[in-house]
Amino acid sequence: MQDDAGFYSPLQYQPQWLWLGLALVLLIGAWYGWILRPIRKKATAHQATVVPHLETLRATCLAAINATALEADAGGLPERDAHQRLSFLVREFAEAATGLPVTSMTLEDLHRHDLKELAGGVAGIYPNEFAPLPVDSVRQSAESARQLVLAWN
């Protein structure tokens, strides 16, 4: 409506815009809650994993180490791949025994989590995994891996 001076009064917003804005804010808040929720649940679910009996884990790992050594001796597995598999098997055993994500840890992470024997064993296999020519034979690395698994308590 125009007043005597020729100005129009400001228009009032209709009430549905207020409710639409509030609904949008609630929708965005719910979306953030839904996105961040699985992260919290995943961390708690990982801590609640049941560790199988240690002797069963040990027997399974030792069998896999022996199979890797035999396959490498037969020529069916290149030496570098055999060393990498041995390192992974030992890490996988430690992960199953502790519930920690050992397969993705660095040597520094292993030391930080007080897994010094494992870190030393993995460090002994590293030169064989990454050097142009392996320093030790697959048999020596397999024996080191066996000793790590057998000494685990």
Quiz item: Where in the chain are the helices, taken as whole DSSP H runs, whose Cα atoms extend 30 angstrom or more along the long axis and whose Kyte-Doolittle mean reaches at least -0.5?
Solution: 15-47
Practice problem: Using only the alpha carbons of the chain, determine the length spanned along each of the three principal axes and report them from longest to shortest in whole angstroms. | Solution: 102, 38, 30
Quiz item: What shape does the range 98-153 take by its C-alpha gyration tensor, where a ≥ b ≥ c are the square roots of the eigenvalues and a/c under 1.5 counts as rounded, a/b above b/c as prolate, and the rest as oblate?
Solution: oblate
Quiz item: LEU20 versus GLN147, label points 7 Å from Cα toward the beta carbon: distance in nm?
Solution: 7.5
Quiz item: Of the heavy-atom accessible surface of the chain (probe 1.4 angstrom), what whole percent is carbon and sulfur?
Solution: 64
Practice problem: Express the accessible area of the chain per residue in Å², computed with a 1.4 Å probe while the remaining protein chains stay in the model. | Solution: 71
Practice problem: Evaluate the relative contact order of the chain (contact order divided by residue number), counting alpha-carbon pairs under 8 angstrom at least 6 apart; express in whole percent. | Solution: 23
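The values are calculated or read from the model by the stated rules, or taken from the named source; none is laboratory data. Since the model is a prediction, treat every value here as computed from it, not as a measurement. Every residue, glycine as well, gets a Cβ built from its backbone with ideal geometry; the counts of neighbours run over all protein chains shown. The area values use the complete protein model at the heavy-atom level, side chains included, leaving out ligands, DNA and RNA. Shrake-Rupley method; radii C 1.70, N 1.55, O 1.52, S 1.80 Å.
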